[in-house]
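K.L.:
The following block contains the structure, expressed as structure tokens.
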Amino acid sequence: MVQHTPYLDNPIHRTDIDALEEPSVLDFGTNWCGYCQGAAPHILAALARHPNVQHLRIEDGPGRRLGRSFGVKLWPTLVFLQRGQEVARLVRPADDDAIDQALALIDPGA
């Protein structure tokens, strides 16, 4: 079984995200969110097939500027980035296929 890391509660600034060069997935949620816990195995399984993609689990909630800057309203929300630019988004993904399709947009060689 793949273990997931907790959501990071330290703030990451939007300018740092915009400056990312490598393909990345921002995973907005909280450690206590049932939807996040249920989606985690699907997210991790898909990401395991894309080792070149950076996965950032970011704790979201009221007053969290990064989530607001991406317009996050439900958890988990996955934002797929290529060179710091959003190319896809999934909200409450329920299966590996949708995640794989979005990952293929930012990591086509995998």
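K.L.:
Can you give the local net charge around residue 99? Use residues other than it whose beta-carbon is closer than 13 angstrom to its beta-carbon, Lys and Arg +1, Asp and Glu -1.
P.N.:
It works out to a net charge of -3.
K.L.:
Also, I was wondering about something else. Starting from the 7 Å offset along Cα-to-Cβ, what nm value, one decimal, do you get for the label separation of residue 65 and residue 16?
P.N.:
Placing both labels 7 Å along Cα→Cβ, they lie 1.2 nm apart.
K.L.:
Out of all DSSP beta bridges in the chain, what portion is antiparallel? Express it as a percent rounded to 5.
P.N.:
60 percent
K.L.:
Hey, of [x] 68; [y] 48; [z] 60, which did the structure itself give for percent of Cα pairs over 17 Å apart when calculated?
P.N.:
[y]
K.L.:
If I take every Cα pair under 8 Å that is 6 or more residues apart in the stretch 36-100, average their sequence separation and divide by the length, what percent do I get for the relative contact order?
P.N.:
Relative contact order for the stretch 36-100 comes out at 38 percent.
K.L.:
I need the trypsin sites (Lys or Arg not before Pro) found in the stretch 65-99, filtered to DSSP loop residues with at most 12 other beta carbons within 10 Å of theirs.
P.N.:
Of the trypsin sites (Lys or Arg not before Pro), the ones in loops of the stretch 65-99 whose Cβ has at most 12 other Cβ atoms within 10 Å are 73.
K.L.:
Something else about it: Can you classify the stretch 47-110 as rounded, prolate or oblate using the Cα gyration tensor, where a ≥ b ≥ c are the square roots of its eigenvalues, rounded means a/c under 1.5, and otherwise it's prolate if a/b beats b/c and oblate if not?
P.N.:
Prolate shape, in that a/c is at least 1.5 and a/b is the bigger ratio.
K.L.:
Additional query: Per DSSP H run of at least 4 residues, take -39500 (n - 2.57); add these up for the chain, divide by its residues and hand me the 222 nm value, nearest 500 deg cm²/dmol.
P.N.:
Here the helix-only value at 222 nm equals -9000 deg cm²/dmol.
K.L.:
Quick one: compute the contact order of the chain, relative version, from alpha carbon pairs under 8 angstrom and 6+ residues apart, as a percent.
P.N.:
With pairs under 8 Å counted, the relative contact order is 35 percent.
K.L.:
OK, next. Report the gain in length on full extension from residue 100 to residue 32: 0.36 nm times residue separation, minus Cα-Cα distance, nm rounded to one decimal.
P.N.:
22.0 nm
K.L.:
Could you work out the local net charge near residue 82, counting Lys and Arg as +1, Asp and Glu as -1, over the other residues with Cβ closer than 15 Å to its Cβ?
P.N.:
Around residue 82, the surrounding residues sum to -3.
All of the numbers you see were taken from the coordinates with simple rules; none came from a lab. Computed from a prediction, not measured in an experiment: that's the story for all the values here. With ideal geometry, Cβ positions are generated from the backbone for all residues, glycine too; neighbour counts draw on all protein chains shown.
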